[in-house]
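What follows is a short report on a single structure.
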Amino acid sequence: MKYKVTLNNRVYEVEVEQGEAMLVDEYELAAPAAPAAVAAPVAAPAAAAAPAAAAPVSVAAGEPVKSPMPGNILKINVTQGQQVSEGDVIMILEAMKMENEIVATKSGTIAQIAVNKGAVVETGTVLAVIA
């Protein structure tokens with residue numbers, strides 16, 4: 001029997017068979033949507049939403065490392081401020097049951113890590129920024 005358990009804004013899909021439990025999937029819970037009906041004029045929220053749509057994730061200055069395909073972040077091997085060399089494995093991305101190494105595109109310092117372990121990403125999603 002499968003169960004979905006939410007703990008600290010993370011959803012865990014667990015399968016239980018006769019006393020044995022096995023983690024099937026883990027992902028982040030999406031943030032709740034803002035209420036649609038607000039007493040403010042319609043033009044003001046639309047103007048505020050436009051900049052957010054243009055830049056969904058605030059990216060630090062530097063060269064972004066983007067996801068080459070959709071998948072799940074299994075492991076993050078670096079921390080913000082860490083020095084990396086070109087070709088160093090900075091993350092592991094699971095896609096279609098394959099573990100793909102995401103490598104540093106240049107030598108430098110990790111200026112930002114834009115995703116968390118367990119995050120579901122799309123092609124082109126900024127994963128990290130190297131300054």
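The values are calculated or read from the model by the stated rules, or taken from the named source; none is laboratory data. Note that the coordinates shown come from a computational prediction; the quantities given were computed from them, not determined experimentally. Note that we place each Cβ from the backbone using ideal geometry, even for glycine, and neighbour counts take in every protein chain shown. In case anyone asks, the SASA skips ligands and DNA or RNA and just uses the protein heavy atoms, side chains included. Shrake-Rupley method; radii C 1.70, N 1.55, O 1.52, S 1.80 Å.
Observations
- Looking across segment 104-118, the residues that are within 16 Å of the chain's Cα centre (by Cα) and open to solvent by 60 Å² or more (accessible area, probe 1.4 Å) come down to Asn116, Lys117.
- Any hit, segment 27-42, residues being at pLDDT below 85, surrounded by 12 or more Cβ atoms within 10 Å (Cβ to Cβ) and assigned to a strand (DSSP E or B): yes
- Residues of segment 89-115 satisfying the condition of being in a loop (DSSP other than H, G, I, E, B) and farther than 14 Å from Val65 by Cα: Met96, Lys97
- Counting the residues of segment 70-88 that are in contact with an Asp or Glu (Cβ under 9 Å, 6 or more places away or on another chain), assigned to a strand (DSSP E or B) and open to solvent by 50 Å² or more (accessible area, probe 1.4 Å) gives 2.
- Single unsatisfied condition, Gly118 versus (1) part of a loop (DSSP other than H, G, I, E, B); (2) over 23 Å from Asn9 (Cα atoms): (2)
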